[in-house]
Structure formats: structure tokens, C-alpha cells
Amino acid sequence: MLNHEINSAFKKRILTGGPLLMPGAANALAARVIEDQGFESIYLSGAGLTNTYLGMPDLGFVGLSEIAQHTSTIRDATELPIVVDADNGFGNSLNVRHTIRTLERAGASAIQLEDQKIPKRCGHFSGKEVVPIAEARMRIRAAVDARQNENTLIVARTDARATDGYTEAMDRASAFIEEGADITFVEAPQSEEEMRAIPATLKGTPQLVNLVVGGKTPILGLDELGEMGFSLILYANVALQSAVYGMQMALGQLKDTGKMDESGPLASFMERQRMVRKDLFDELEKRYAL
């Protein structure tokens, strides 16, 4: 399927369907697992990419080229829509323009921008700072102007809840809608009351809620969040956290016992090959054999 077809179908799904549960992927293999489990879209997490690719915390260490490379790799591995975390756009409004065009070419279906200062921090870390609202608005205006496919969605995130309070965060989300954002994302609401008020206040624009296991936002069920009015229910790093746990369990057992076979806490050799579509490449090898 061509990327514009994927983006068009994703936009229609967001606007007309019920709440969409979206896991994050830090690499193409995680994206393959997400697709195999029957999810409808993938989130390329900046935090997950930083943790996995660099082994470092989410403190603004990855750049546009790394995010574009991983977007392209995931696009080649799956036909699911990809929502790409582009942090704060990597500079001023001109940098934002370049970021949007680069990620759109790489295969993004939606691109998320936030209003943090450089360097940015994970939305559930302390010590965040946001740019003035006028600058934040221009980032979103530049992003909307830069896209070349009208079905490429712009997700506008504000981190102002942590820095200036709930009211300021809502004012910023409203301003981003005025600038043309397709989806808004108020990061890290701290109570069910705040969560319920977000879609109730920002009616008419799809809302994303980010549920971080161990983070600041209460964990609620998909149906309840859908009833509140949220369109995208994001679990950005469940796959990553479970992978860390799985590696610790398997490697801990290997260290303790000195051996590992298929009775251990791991996928089989055949399952691993299935996840990377070895059968497809076997067929291609036969097709092109001399």
C-alpha cells in the first residue's frame, strides 16, 4: 500500500472510528510484533528510540536524521500508520518545516511536535521548560504549512501542565487548534478530572492521551477513555519496558544455570523467523534464482 493511501485511511479512522489503542515501537522488529498482535497503528517513540538506540535517557539526545532513518525502516517493515514523535522540531520554525518534510518523505502518517525548550525532556520527567506560547504557535503553523499531503496529520503536544498548570496547557492546546493542528495532546494530566475535561473542553478536535506505566497520569481502561472522548490511547513504551523485563528474566536464568533451551522464557527459533518474515525472503530467493 502506498503511503498516501495509508495516511488517508488513518485520518478517516481517527475522525470516524472509536478510540484507537496505539503502542509504541522503538525499532522495526517491535513494529512487526505490534502489527502481528492486531493493532491498527504504531507510535515511533522518541524516548524508546533514545533508550534502545543509544542506551540513554530521554533528554534530547536523538536528532532528526536518526528519527527519519527509523521511520523509514519501520515503514518498510509494516503497512500500519506510523505516528512519529518529532520532539520539539529541532529548532525554530524553519527547522520545523524541514522536520515535517523529512519525516513525511520517510513514511510518517502523523507527526507530533511539542512546545518544550531545547534540550527537551521526557514528558513525565521533572525539570521541563516550555517556549513562549507565540513561539509554540509558530511551530504548529510552520508544521501545517510544510506538509505536502493533506492526510499527513499534525499532532500538537503541550507540556505546560507541568510548568504553568492545567489552565495554561488547555489554552495552548486551543491555540494549536487555531493554527491548524489535527490532533492535540495535553501531556501528563495528573487526575481523572483533568483527563475528563480535556476532550470535553477541546470538542471537535481528536485528542491523544499518553498512558505511561509508572508515570504521572492515571491508568484508565480503553472503554472509559473512549467515553471521555479521547481518540488515540497511547502506550508509548509498554513494548520496550516488557522487552527489558523479558531480557532480564532470560539472561538472569542463563547466568544462574549456565544454559538455555526452548523451555526458557523466550520465543522459539521458528517464531523469531516468522516475525521477520523469513518465508517471504525464501520465496523471493526462489523467484530470482538463476
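Selection of first residues in region 247-258 that are assigned to a helix (DSSP H, G or I) and of second residues that are exposed (fewer than 13 other Cβ atoms within 10 Å of the Cβ) and of a type in the set (Phe, Trp, Tyr), restricted to Cβ pairs under 9 Å at least 6 apart or on distinct chains, gives an empty result.
Counting only residues that are among the small types (Gly, Ala, Ser) and crowded, with 22+ Cβ neighbours inside 10 Å, which one in region 1-29 is nearest to Leu232 (Cα to Cα)? Out of the qualifying residues, it is Gly24. Within region 167-181, not a single residue is without any contact (Cβ under 8 Å) to a residue 40 or more places away in the chain, farther than 17 Å from Asp85 by Cβ and assigned to a loop (DSSP other than H, G, I, E, B). Within region 142-166, the set of residues being farther than 27 Å from Asn3 by Cα and assigned to a helix (DSSP H, G or I) comprises Ala160, Arg161, Ala162, Thr163, Asp164, Tyr166.
Would you confirm whether any residue within region 220-229 is in a loop (DSSP other than H, G, I, E, B) and touching a strand residue (DSSP E or B) at 6+ places or on another chain (Cβ under 8 Å)? Yes, some residue in region 220-229 is in a loop (DSSP other than H, G, I, E, B) and touching a strand residue (DSSP E or B) at 6+ places or on another chain (Cβ under 8 Å). For region 190-207, filtering for residues that are surrounded by fewer than 21 Cβ atoms within 10 Å (Cβ to Cβ) and in a loop (DSSP other than H, G, I, E, B) leaves 6. Residue-level check: of (1) of a type in the set (Ser, Thr, Tyr); (2) modelled with pLDDT of 95 or more; (3) closer than 18 Å to Ala28 by Cβ, Thr152 misses just (3).
If you check Pro81, Pro57, which single one turns out to be within 27 Å of Val33 (Cβ to Cβ) and modelled with pLDDT of 95 or more?
Values: Pro57 fails: modelled with pLDDT of 95 or more.
Unique residue meeting the criteria: Pro81.
The single condition among (1) over 16 Å from Ala156 (Cα atoms); (2) in contact (Cβ under 8 Å) with a residue 40 or more places away in the chain; (3) of a type in the set (Lys, Arg) that Lys120 does not meet is (1). Checked against (1) touching a strand residue (DSSP E or B) at 6+ places or on another chain (Cβ under 8 Å); (2) modelled with pLDDT under 95, Asn92 meets all criteria but (1). Scoring Arg161 on the criteria (1) crowded, with 22+ Cβ neighbours inside 10 Å; (2) touching a residue at least 24 places away in the same chain (Cβ under 8 Å); (3) under 24 Å from Leu15 (Cβ atoms) leaves a single failure, condition (3). Applying a threshold of 6 Å to beta carbon distances and a minimum spacing of six or more residues, or different chains, the list of pairs starting in region 76-102 at a residue that is within 20 Å of Lys128 (Cβ to Cβ) and ending at one that is in a helix (DSSP H, G or I) and of a type in the set (Ser, Thr, Tyr) reads Ala86/Thr99; Gly89/Thr99; Phe90/Thr99.
All told, Gly38 meets the bar of being outside any helix (DSSP H, G or I) and not basic (Lys, Arg).
So, in region 209-224, of the ones that are over 21 Å from Ala25 (Cβ atoms) and of a type outside the set (Asp, Glu), which residue ends up surrounded by the fewest Cβ atoms within 10 Å (Cβ to Cβ)? Here the answer is Gly221.
Scanning region 61-103 for residues that are crowded, with 23+ Cβ neighbours inside 10 Å and farther than 19 Å from Ala25 by Cβ yields a total of 5.
Of all the residues that make up region 1-35, how many are part of a helix (DSSP H, G or I) and free of Cβ contacts under 8 Å to residues at least 24 places away in the same chain?
Our first condition is that a residue be part of a helix (DSSP H, G or I); within region 1-35, this holds for 3-16, 28-35.
Checking which are free of Cβ contacts under 8 Å to residues at least 24 places away in the same chain leaves us with 5, 12, 16.
Total satisfying the criteria: 3.
The values are calculated or read from the model by the stated rules, or taken from the named source; none is laboratory data. Note that the structure is predicted; figures quoted are calculated from it, not measured. Positions of Cβ are backbone-derived with ideal geometry, glycine not excepted, and every protein chain shown enters the neighbour counts.
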